[in-house]
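Worksheet: one structure, shown below.
Read-outs: derived from the displayed coordinates by stated rules, not from any lab. Bear in mind the structure is a predicted one, so any value in this text is a computation, not a measurement. Every residue, glycine among them, receives a Cβ derived from its backbone with ideal geometry; neighbour counts consider all protein chains shown.
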Amino acid sequence: MKFDMKNFYILTMNSFIVEKEKKTLYGIALIQDGKQALSYLDISTDRDFVEEFVRKCNQHELDPCHLPDVLYDYLP
């Protein structure tokens with residue numbers, strides 16, 4: 001698999017408190033030329049679900065312009 005180090009996706013994590021319980025939301029960020037260029041920070045609390053999405057985006061070298069549509073289609 002070819003991996004373009006100029007453009008790749010990473011998993012993001014953001015924690016918050018709901019009714020005194022800590023929750024973590026997982027998302028995706030696009031790294032372009034070493035800098036964060038785009039992100040969706042609140043996809044799901046299911047880490048495995050979002051990790052698989054990130055893996056598929058990298059595996060298929062998803063063009064960033066298609067990320068919103070692909071994410072929308074991926075969500076249950």
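One table, with the values for the structure above:
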{"quantity": "Cβ-Cβ under 6 Å pairs, at least 6 apart or on other chains, the stretch 30-50 side over 17 Å from Tyr72 (Cβ atoms), far side of a type in the set (S, T, N, Q) and surrounded by 12 or more Cβ atoms within 10 Å (Cβ to Cβ)", "calculated": "Gln32/Asn7"}
{"quantity": "Subset of the stretch 15-29 (residues that are free of Cβ contacts under 8 Å to residues at least 40 places away in the same chain and within 12 Å of the chain's Cα centre (by Cα))", "calculated": "Leu25, Tyr26, Gly27, Ala29"}
{"quantity": "Subset of the stretch 23-44 (residues that are aliphatic (A, V, I, L, M) and touching a helix residue (DSSP H, G or I) at 6+ places or on another chain (Cβ under 8 Å))", "calculated": "Ile28, Leu30, Ala37, Leu38, Ile43"}
{"quantity": "Subset of the stretch 54-75 (residues that are among the charged types (D, E, K, R), closer than 16 Å to Leu38 by Cβ and not in a loop (DSSP other than H, G, I, E, B))", "calculated": "Asp69"}
{"quantity": "Residue within the stretch 61-68 that is exposed (fewer than 12 other Cβ atoms within 10 Å of the Cβ), touching a strand residue (DSSP E or B) at 6+ places or on another chain (Cβ under 9 Å) and not acidic (Asp, Glu) present", "calculated": "yes"}
{"quantity": "Residues of the stretch 35-75 satisfying the condition of being under 11 Å from Tyr9 (Cα atoms) and small (Gly, Ala, Ser)", "calculated": "Ala37, Ser39"}
